[in-house]
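Have a look at the structure below, then the notes.
The values are calculated or read from the model by the stated rules, or taken from the named source; none is laboratory data. Being a predicted model, the structure only gives us computed values, none of them experimental. Please note: Cβ atoms are built from the backbone with ideal geometry, for glycine as well, and neighbour counts cover all protein chains shown. These area figures cover heavy atoms from the full protein model, side chains too; ligands, DNA and RNA do not enter into them. Shrake-Rupley method; radii C 1.70, N 1.55, O 1.52, S 1.80 Å.
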Amino acid sequence: MNHPANPAAPETATAVQYLTVNLAHEEYAIDILAVREIRGWTPVTRIPQAPHYVLGVLNLRGAIVPVLDLRLRFGLAREEYTATTVTVIVTVAERLFGVIVDAVSDVLDVRPDQLRPVPDMGTTVDTEYLKGLTAIEDRMVLLLDVDKLLQPQDAQMLEAALPAANDVKAVA
Amino acid sequence: MSNAGLAQFQQVFIEESLEGLDTMESSLLALDEGGDGELVHTIFRAAHSIKGGAATFGFPEMASFTHEAESLLDEVRGGKRAIDKPIVELLLRSVDCLRGMFDRARAGQPLNDAVSDGVRGELAAMMGREAPAQAGPARRAGDQAEAWMIRFQPHAGMLAGGNDPLRLIRELAGLGELSIEADLSRLPSLDKLDPSECHLGWNIELKAPVKREDIAAVFDWVEGECELSIEPKPSTVVTPVAAAAPAPANIADAAAARGTREASAESSSVRVAIDKIDSMINLVGELVITQSMLDTFREDFDPARLPLLQQGLIQLARHARELQESVMGIRMLPIASVFNRFPRLVRDLSQKLGKQVKLELHGEQTELDKTVLEKIGDPMVHLVRNAIDHGLEMPDKRRAAGKHEMGTLKLDAFHRGGNIVVEVSDDGAGLNREAIVNKAIERGLIASGEGLSEEAVGELIFQPGFSTAAVTTDLSGRGVGMDVVRRNVSDLGGTVTIRSKPGQGSVFTITLPLTLAIIDGLTAAVGEERYIVPLVSIVESVQLKPEALKTVVGGGELFRFRGEYLPVLRLHELFGCDGAKRSIEEGLLIVVEGDGSRVGLFVDGLVGQQQAVVKSLEANYRRVQGVSGATILADGAVALIVDIAGLVRLHSRRKAA
């Protein structure tokens, strides 16, 4: 895994590029190395037993890719999708998934020394999905921890695994 | 990078060598049955090329090990030594050791281990040379000790074989006082955890003056499904030993070797016959020609040339289909690679049990999808083991029954109506109806055995309740782990059935789809959504009148279908879709069969029939219960493929909840 943006490694003073996206009037940034492509919003196929923020799956040139709505993920109300609504396809540990955001805006260079830890703001957004924030001129940008977005995987996995383990009993 | 280059060659070397080892093993087995001297040359050549390759590709340990085996073979080849059982035995164990070394080489672990050192010592001793420290006497050293250290590491698939580590540990506890330490090192992170796999290992200290064989006997059932070492606790060895050499019990090394072999079965590359490639290249050529022909229509289209366009499209469709078949053909491999592991298994098992077994293989050239092939091995091992263990009788019993002392075990593979059928048949005692029925009553599966057909009795042993049966009762043992076999096979989209005649034997029939990659399915509409229902699981579809529906207490619905009452599964409820038709006469009931039971699947209607290319949901997401995968429809949208067996389980769980 190459995450040069690790704030604990100050010796790598080279800047890391981030794709910034807009969500509910705030600006978030995604490590550009994790971004595969950006697509307009297209309807997806719903999947059963999915968490509410996973809208469904889409066909990405033959691969079946789950798509999550970042607003729903962060506990915000769902908004109408507009012409600027996009699906950012990201890849984490060789898995692909799509993240729906209001719009993409920019590409930023962030040097490690520009990274600040996220203070506990008591905001709508749980800070566990953020790996830091940075100020670019007078804009505040929150760096998303993409790895954690499809989480809490552990709880989900457990939920998915447990019924399977119980099957035998239920059938018997 | 040159390193990456060498690694790539190593990979090829390992795969070729594993084939060489298979050759050595099968030739050794043939020798054991009185094959001709030419076999010795074959074995020698295989060993020789492994040795050469090992030295070239940087595995000196392997080269020197093979050298010992080769020297012994050379003496046999040169007529200095007659081939006999002990030599064959030792060479077979050498093959196991080498397999283990290759697996460790793949995993990047040290190549030598206690087992291989031991066998190497034996090879040297056999040739009359002074063996390295742990030869000869050391092997017998730990036969009795005051306390034992047992390292027990089940393979991930052990539970699938119907064996429970807990049971083994309990059995060990019966021998004496245990102190146990769990080895969590193989435990994956929670998101990768598959609860049906065994991830734990145990280091067990047993304080009891018992013999090694007594401990080994506990693990008899899991031979091949675990790594096991049984060593005397150093300070307590009764007989003074020169070197406290690790001398794992026989069962352990054979088990470890065979187990790792199974684990490594899922290799990352495939060898393809050159004519398959040639025909594919031809087809691609044709396709390109057709495409360039169609390309001429792009500019200035003349309606007069319409017939030509139609013809071109027909050609295109044909090429696409042929190419598809051809590409699928690459994934098809002869089932021989699975069958080949059985001569050894049968030999070892029959020796251990004191039974005489003749193994017949038929239809080894029948081709199966590689994915299916890799997954069918374990259920088959289970069936074969089961047939020898419980199906075939001891020689004296057979003689008393007027049969030949030597039992026959037959493995057969053939095509039948778009499916592959694999049969495991024995001419043993057949199912003991009475014992099975009694067991089933005891387990609460049935109320009484009256009026049960032979078929229904056979069906009982596949029921989950049977798998938990105590292994100790010999007769009921027939059912141990059969539900797991059935589940493994049904995961592949196949079925298992059993036919049995008392006194004449049993036949287990596994029916498998040709490939997992493409299935035939009906597209069913539920509200705005479309689902693919696999054609293999569909019995028929019916439209019901409301009065045909009966409700039972607790909200369940039943309908009458050909004299039986089947439960109704409403897909929109199970999958939580909107806008579906609610009333029974508006929609359609698809009668489907999964996991041995029939249900009616309620949907809005059927859209059509199509071939679906199966795509994994797990690749990027996770397993969804009741869904076996996804496919892409002609309009590019994704449709989910319904997993009937999973759906039935989902339904019964909801009902139970």
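The table below lists the values:
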item: Those residues of region B:371-405 which are over 25 Å from B:Thr497 (Cβ atoms) and either basic (Lys, Arg) or touching a helix residue (DSSP H, G or I) at 6+ places or on another chain (Cβ under 9 Å) (or both), in sequence order; result: B:Met394, B:Lys397, B:Arg398, B:Arg399, B:His404, B:Glu405
item: Answer residue from region B:562-588, given it is farther than 28 Å from A:His52 by Cα and under 36 Å from the mean Cα position of the chain (by Cα) and is nearest to the other protein chains (Cβ to nearest Cβ) among those; result: B:Pro567
item: Some residue of region B:163-178 being more than 14 Å from chain A (Cβ to nearest Cβ), under 21 Å from B:Met380 (Cβ atoms) and surrounded by 14 or more Cβ atoms within 10 Å (Cβ to Cβ); result: yes
item: Any hit, region B:552-567, residues being assigned to a helix (DSSP H, G or I), modelled with pLDDT under 85 and open to solvent by less than 50 Å² (accessible area, probe 1.4 Å); result: no
item: Counted residues, region B:489-498 - those being buried (at least 22 other Cβ atoms within 10 Å of the Cβ) and either touching an Asp or Glu at 6+ places or on another chain (Cβ under 7 Å) or among the charged types (D, E, K, R) (or both); result: 0
item: Whichever residue in region A:36-49 is hydrophobic (A, V, I, L, M, F, W, C) and either in contact with a helix residue (DSSP H, G or I) (Cβ under 6 Å, 6 or more places away or on another chain) or closer than 14 Å to A:Ile100 by Cβ (or both) and, among such residues, is nearest to the other protein chains (Cβ to nearest Cβ); result: A:Val44
item: Matching residues in region A:50-62 - criterion: being open to solvent by 30 Å² or more (accessible area, probe 1.4 Å) and within 7 Å of another protein chain (Cβ to nearest Cβ); result: A:Asn59
item: Inter-residue pairs, beta-carbon under 6 Å, first closer than 13 Å to B:Glu205 by Cα and in a helix (DSSP H, G or I) and in region B:217-236, second at pLDDT below 75 and among the small types (Gly, Ala, Ser), 6+ apart; result: B:Pro234/B:Ala244; B:Thr236/B:Ala145
item: Single residue of B:Phe44, B:Phe9, B:Phe13 found to be in a helix (DSSP H, G or I) and open to solvent by 70 Å² or more (accessible area, probe 1.4 Å); result: B:Phe9
item: Cross-chain or 6+ apart pairs with Cβ under 9 Å, region B:527-544 first and touching a residue at least 12 places away in the same chain (Cβ under 8 Å), then basic (Lys, Arg); result: B:Gly527/B:Lys581; B:Glu528/A:Arg46; B:Glu529/A:Arg46; B:Val539/B:Arg598
item: Answer residue from region A:63-82, given it is among the hydrophobic types (A, V, I, L, M, F, W, C) and touching a residue at least 12 places away in the same chain (Cβ under 8 Å) and is surrounded by the fewest Cβ atoms within 10 Å (Cβ to Cβ) among those; result: A:Leu76
item: Top-ranked residue in region B:194-214 [being hydrophobic (A, V, I, L, M, F, W, C) and at pLDDT 80 or above; ranked as nearest to the chain's Cα centre (by Cα)]; result: B:Cys198
item: Test: residue in region B:77-86 that is open to solvent by less than 50 Å² (accessible area, probe 1.4 Å) and assigned to a helix (DSSP H, G or I); result: no
item: Where A:Pro117 falls short, out of the listed (1) open to solvent by less than 60 Å² (accessible area, probe 1.4 Å); (2) at pLDDT 80 or above; result: (1)
item: Failed item in (1) at the interface with another protein chain (Cβ under 8 Å from one of its Cβ atoms); (2) farther than 15 Å from B:His572 by Cβ, with B:Gln610 passing the rest; result: (1)
item: Long-range neighbours under 7 Å by Cβ, at least six apart or interchain, first residue within 14 Å of B:Asp214 (Cα to Cα) within region B:165-188, second of a type in the set (A, V, I, L, M, F, W, C) and part of a loop (DSSP other than H, G, I, E, B); result: B:Leu168/B:Phe219; B:Leu175/B:Ala208; B:Leu175/B:Val210; B:Gly176/B:Ala208; B:Gly176/B:Val210
item: Segments classed as strands (runs of 3 or more DSSP E), wholly inside region B:342-425, with at least 1 members that are among the hydroxyl-bearing types (Ser, Thr, Tyr) and surrounded by fewer than 22 Cβ atoms within 10 Å (Cβ to Cβ); result: B:407-416
item: Tally, over region B:280-324, of residues that are under 30 Å from B:Ile14 (Cα atoms) and within 31 Å of the chain's Cα centre (by Cα); result: 1
item: Residues located in region B:636-652, provided they are part of a loop (DSSP other than H, G, I, E, B) and at the interface with chain A (Cβ under 10 Å from one of its Cβ atoms); result: B:Gly636, B:Ala637
item: Qualifying residue in region B:617-632 (condition: facing chain A (nearest Cβ under 8 Å), touching a strand residue (DSSP E or B) at 6+ places or on another chain (Cβ under 7 Å) and within 17 Å of B:Arg570 (Cα to Cα)); result: yes
item: Qualifying residue in region A:22-35 (condition: more than 19 Å from A:Gly132 (Cα to Cα) and open to solvent by 10 Å² or more (accessible area, probe 1.4 Å)); result: no
item: Residue, nearest to B:Leu601 (Cα to Cα), within region B:626-657, restricted to residues that are of a type in the set (S, T, N, Q) and open to solvent by 20 Å² or more (accessible area, probe 1.4 Å); result: B:Ser652
item: Among the candidates B:Gly430, B:Gly458, residue that is at positive phi and open to solvent by less than 30 Å² (accessible area, probe 1.4 Å); result: B:Gly430
item: Sole residue being closer than 30 Å to B:Ala612 by Cβ and away from chain B (no Cβ under 14 Å), chosen from A:Val86, A:Val107; result: A:Val86
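Yes or no, residue by residue, for (1) closer than 23 Å to A:Arg46 by Cβ; (2) part of a loop (DSSP other than H, G, I, E, B):
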| residue | (1), (2) |
| --- | --- |
| B:Leu569 | yes, no |
| B:Leu574 | yes, no |
| B:Ile584 | no, yes |
| B:Val591 | no, no |
| B:Phe602 | yes, no |
| B:Gln610 | yes, no |
